[in-house]
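The values are calculated or read from the model by the stated rules, or taken from the named source; none is laboratory data. Note that the structure is a prediction, hence the values are computed from the model and not measured. Using ideal geometry, Cβ is built from the backbone for each residue, glycine included, and neighbour counts are taken over all protein chains shown.
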Amino acid sequence: MFEFLFKRPGDNKSGDKQPAGQEPQPEQAAASGGGSAAAPQRALQAEKLSQIQGDEAAAVEFILQCEFSELRLSAAECIHTPELLERVHSAMRNTDRRVAKLMQSRLDAHRHREAEHRRGETMLEQARTLLKDAQLTPNHVADLDRKWAVIAAPELQEAFGEVRAALGQRLEAQVQLQRAMIDRLASLRRLPSESLPAAELAARLDALTQEQAQALQSPEHPSLPRSLVAEFGLEAQKLQASLHEIEAGQAALAAREAFLAAQQDKPVAELNADALRKEWHRLPQPQQGTQQEALAALQQRFDALLATLPQPEPRKPREHKEAAAKPKEAKEQGKEQAKRGADQHFLDTMDAMEAALQQGSLGTAAELDKSLKEARDKGMRLSPAQSDRLAHVRAELKRLSDWARWGGNVSREELIKSVEALPTQNLAMSELAKKVGSMRERWKALDSLSGAAPKSLWERFDAACTAAYAPAAAHFRHLADERHANAARGQALIDEANAEIARLQSGEAEWKHVAGTVQRLRLAWSHLGAIDRKEKKRLDALFTDALNTLQGPLEQQRKGEMAEREAIIEAAAAIDPHDRHALDTMRALQQRWQEHARALPLERKSEQALWQRFRAVCDDVFQRRKESMHEADIERRAHEAAKEAISARLEAAAPTVTPATAGKLLREAAAEWQAIGPVPRAHEARVEKRYHAAVAQVQHQLEAAKRAAGVAQAGQLRDKLRLVQELEQAVAGQGALDTDWEARWNALPPLDADLERTLRGRFDAALRALPEGRDGYAQLLERNRDKLLHELLRAEIRAGIDSGPEFARERLKLQVEVLQSSLKSGQKGGQTSGSAQVRELAALPALADARTASRIEQLFMRLAREGK
């Protein structure tokens, strides 16, 4: 409130004219609408802007030289190059905020596009790396798709699409290769059960093996499951190893089939049952288990053939009476029959021995020879022919035994070499044990066929077998130790489970810890490893009992937790998405869910199912809220358009507004503005700024109109005040008296009511004093001269107008008085309105010289310009 004390004589307020030699700013000149030179300059620069036509460099030069902000903004719309944007932004940052903001937004958009492009190039390079990777997996491609989905790089979409298509082709090739591998393994497993001929079976096996080899040569072969590849190799090796046996079995079945066909074609009378049985047993027998059904069918056919042959009539039983009458005869006949039966058995044994020799079964022949020796030792007598036959058979047996003994020793040598070569073959331990066992079985078979082996050979063979079996023995011992160690770990897990049960029963255990312990124990038990069967059964029973004891109360607690989760899901589903606190409520529910999940995890399947439901409910609430926000956004945009329309109406009405229409226009605009709802938050500041700028423009135009009216009124007041002062000069004898004062008064335009009444009263008083009390009124006018100067000086102090150097002392003194009076009254000095000051000075009759009249007119004009 003390600003008038420090005001210097040369200081001017915002309403004063610019000092001489100082030009107004271009924006101020353009905004005020004043100045005759601004309009042609603006038109010239507008024409220059129309000639730019998309030339960014020319637009930059125009912006840097243009003096009008709206033309600079129009030119800025043409600039898109980052370097030029940066240049304009640096130049306009502190000069034109709108242009700088536009440049900054385009620079941000350009940087965002560049960042997205770099991310897209990174993802494209990653896709190309995946395409070259031999170990391509679907999860890598899925991860790549998820990352690419959030990248906005349309210029790289075509290149990424090509690489992605190539990745899809590789994945499709992997799927086809894996499906073919599964089908090929299934076909290989079905081959033994299809009863195919050996040649066809070998051909099918070769075809499948070739297909497998081609698959392993495929570029996508690393995607094949190793377990399936290894299983195919094992199955193919087994089938290849059994081809010889299958072929031998099929040949044996074919021989039996041919034998049956040949015998069935013969007349029944030529067939002998015993001879048929002997020949049938001499035929080779298949060893494959899958051929036993065919062998059984052939045996049924052979039995049916034997059933068609005539059977010997059974001997009729003797009468009891005849047996009692002739016991001696019966006894003799019985001996004779026994002798004939023994002879027949001896002959059958000799036939079997001959058959065994023919088949090369020396062991069987040796056993049959032993039976024959026992029969001879019992006193059986042979005919010369039978004796010769027996001697011939035994000689053949000796000859073959000698050859077999020699061949057996050779075979044993070969067998020893095979055993000694086993350690160099790098066989699996189980296969090595099988090989050593089969070698020992073959040695025993040679003993039965070729006789006992020399001790030296046996010792060599036994030492070779022991050396070859040593790694397998060590391996099996290691496995046994592992089984014992696994059993110890299993017992430790059971003890841990029992300890957890004790803590749970005592109330010290937490449910989260119990759930984690159960899951960890179950996982550890599943990875426990091999255990001896008997021990495994006992430990499994103990572990199952302990786990059931833990899981009982845990499941009960989890049921309660599931009920809590269900309640949270229901609470989330009941949220109103239009509620302003919906997001806070949803966050609180999500926090509750996390707390419950941390307190007690559920089973993975149940946890996932409940979480999927909860997430679906949350997504639904967010989606509905998003839709609601979209509708609200549409409504806000409509509000924005309505408010923009109000601002546009005010801007259009501002140049033509008058004091009579301005108040109504502003009131209606304010009422409409308050009735319209909110606008988008991002545009709120801009819309408010435009509205307030439009209101300010209308108010500025209104104030300008008021100032113009005030200046006109001040001019009229000046003219009438000059007339009154001239009349008072005439009353004081300093002017002409024969003037038609009333006509001159009526010729001037009227003032407002108060001023017109005030000056008219002063004019009438002077007019009455002109013929009557001229001297007395002249004295009054002279006496009021000092008062006029005092009041004028006070008004100049209040208005902040310089009074001149001659009044500096009186002015300072009066300023102090004004300050003291204002401090006493508690009001700021100069609170008296300008109209009151004008009325006081206009109502005071006093003589005034030219300097005083000039000061009064200057005061009136200053107050009029300031709108006071």
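Here are the numbers for the structure shown:
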quantity	calculated
Failed condition for E668, given (1) free of Cβ contacts under 8 Å to residues at least 40 places away in the same chain; (2) in contact with a Leu (Cβ under 7 Å, 6 or more places away or on another chain); (3) acidic (D, E)	(2)
Odd one out for A109, checked against (1) of a type in the set (A, V, I, L, M, F, W, C); (2) free of Cβ contacts under 8 Å to residues at least 12 places away in the same chain; (3) not in a helix (DSSP H, G or I)	(3)
L812 vs. criteria at pLDDT 70 or above, aliphatic (A, V, I, L, M) and either on the phi > 0 side of the Ramachandran plot or buried (at least 16 other Cβ atoms within 10 Å of the Cβ) (or both)	no
Matching entry among D740, D775 (being among the acidic types (D, E), over 28 Å from A836 (Cα atoms) and modelled with pLDDT of 75 or more)	D740
Qualifying helices (runs of 4 or more DSSP H) (wholly inside segment 156-258; at least 3 residues being basic (K, R))	157-190
Qualifying residue in segment 459-469 (condition: assigned to a helix (DSSP H, G or I), free of Cβ contacts under 8 Å to residues at least 12 places away in the same chain and closer than 30 Å to K370 by Cβ)	yes
Condition broken by A261, with the remaining ones in (1) at pLDDT 75 or above; (2) small (G, A, S); (3) within 60 Å of the chain's Cα centre (by Cα) satisfied	(3)
Any hit, segment 570-584, residues being farther than 28 Å from M629 by Cβ and of a type in the set (D, E, K, R)	no
Residues that are surrounded by 15 or more Cβ atoms within 10 Å (Cβ to Cβ), among the aliphatic types (A, V, I, L, M) and assigned to a helix (DSSP H, G or I), drawn from segment 481-532	A487, L493, I494, A497, I501, L504, V514, A515, V518, L521
Residue identified as surrounded by 14 or more Cβ atoms within 10 Å (Cβ to Cβ), under 22 Å from L781 (Cβ atoms) and among the β-branched types (V, I, T) among V687, V695, V724	V724
Residue in segment 160-172 that is in contact with a Gly (Cβ under 6 Å, 6 or more places away or on another chain), within 30 Å of G120 (Cα to Cα) and surrounded by 11 or more Cβ atoms within 10 Å (Cβ to Cβ) present	no
